[in-house]
1. Given 20 °C and 1.002 mPa s, compute D for the range 166-208 with the Stokes-Einstein relation, Rh being the Kirkwood radius over Cα pairs; round to the nearest whole µm²/s.
2. Just the Cα atoms of the chain: what Rg and Dmax do they give in Å?
3. Translational D (Stokes-Einstein, µm²/s) of the range 153-281 at 37 °C and 0.692 mPa s when Rh comes from the Kirkwood sum over C-alpha pairs?
4. Please list, in chain and number order, the residues 5+ apart from GLU172 or on another chain whose amide H is under 5 Å from its amide H, with Hs placed from the backbone.
5. Compute for the range 80-185: radius of gyration divided by Kirkwood radius, i.e. Rg/Rh, restricted to C-alpha atoms, rounded to two decimals.
6. With the other protein chains left in place, how much accessible area per residue, in square angstrom, belongs to the chain at a 1.4 angstrom probe?
7. What does the charge count near GLU33 come to, summing +1 for each Lys or Arg and -1 for each Asp or Glu among other residues with Cβ under 15 Å from its Cβ?
8. If R0 is 45 Å, what FRET efficiency do you get for ASP269 and SER18 from their C-beta distance, rounded to 0.05?
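The values are calculated or read from the model by the stated rules, or taken from the named source; none is laboratory data. Quantities reported herein were computed from a predicted structural model and do not represent experimental measurements. No Cβ is skipped: glycine too gets one built from the backbone with ideal geometry, and neighbour counts run over all protein chains shown. For accessibility, only protein heavy atoms count, side chains too; no ligands or nucleic acids. Shrake-Rupley method; radii C 1.70, N 1.55, O 1.52, S 1.80 Å.
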Amino acid sequence: MAGDVSGTGGSGSEPEPSESMRTFGAMVQALREHAGLSREQLGEHVRYSKHMVAAIEIGRRLPPPDFVERAEPVLGDTGALRRSAKHVVRKPGLARWFRELARLEAEAISLYTYECRLIPGLLQTEAYARSSFMNQLPPMGDDRIEAQWEARAERQRLLRERTDTAFSFILEEHLFLRRIGGEEVTREQIDHVLEVAELRNVEIQVMPLVRETHAGLHGPMQLLETPENQWFAYTEGQESGQLISDLKVVSVLQRRYARMSAQALTPEDTVSLLQRIRGDV
């Protein structure tokens, strides 16, 4: 999917602050005001702009680790900021329609993804992701782009932290030929996919550019299995997404994915193809 649908524009994908972010921000504001500092003055101490301070105080931005470390001694050195920062979590950057899937995804024991539009968010490099954000219409502001990347980077931790989860990806060959972001970004992206493909819990296959039969013509999809062995499917279009629990529909999509897996290159042949594509970039 464009990975996590984290911001394809429109009101449905507007990030929303989490309660923990609002609570942390309110504490920063209270401590700042108690210390008699303006946002600009605190910004000078922590080496961030007053706008960044404001964004943290109203819960729009996650507090960077260096912000917390620099603000602590300025705002009383009680350790409250350090302790509170550990509990700040963010779900913004994820479209509203995607958040339920993101919750299930964090606990899944199997996750299968077929994508024909962009490199999936779980596999994107920062440069590739930012290039895709820059191409969004209507245009995205800098704060929104930062929120989108933070959410995407947080999701990517699943690949390495959930080593007992089986991740499978089927990607169209043309995703690597399009060169979103330019040649350097493309080379880095291919290198990253090759690196992830070495993880024992990840399987990546490329669907060849020329293929007379193709079971994925209905578009991208994800399949997800919970620890209770319940299966869900997820499909999306422009400005919308659908989480599917109907067993009959999920079964159809499972059969399509299985057929695509048989039609795509093997993981070993996929590595060879990506190495050749990289050499041509």
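1. Numbers: Rh = 11.0 Å.
It comes out at roughly 195 µm²/s.
2. In order Rg, Dmax, the Cα atoms of the chain give 20.9, 70 Å.
3. On the way: Rh = 16.1 Å.
Result for D is 204 µm²/s.
4. Long-range HN contacts for GLU172: GLU115, MET207.
5. Details: Rg = 15.3 Å, Rh = 15.4 Å.
We get a ratio of 0.99 for the range 80-185.
6. Numbers: 13840 Å² over 281 residues.
Heavy-atom accessible area per residue stands at 49 Å².
7. On the way: positive: ARG32, ARG39, LYS50; negative: GLU40, GLU57.
Every neighbour counted, the sum reads +1.
8. On the way: r = 43 Å, r/R0 = 0.95.
That pair, ASP269 with SER18, gives E of 0.55.
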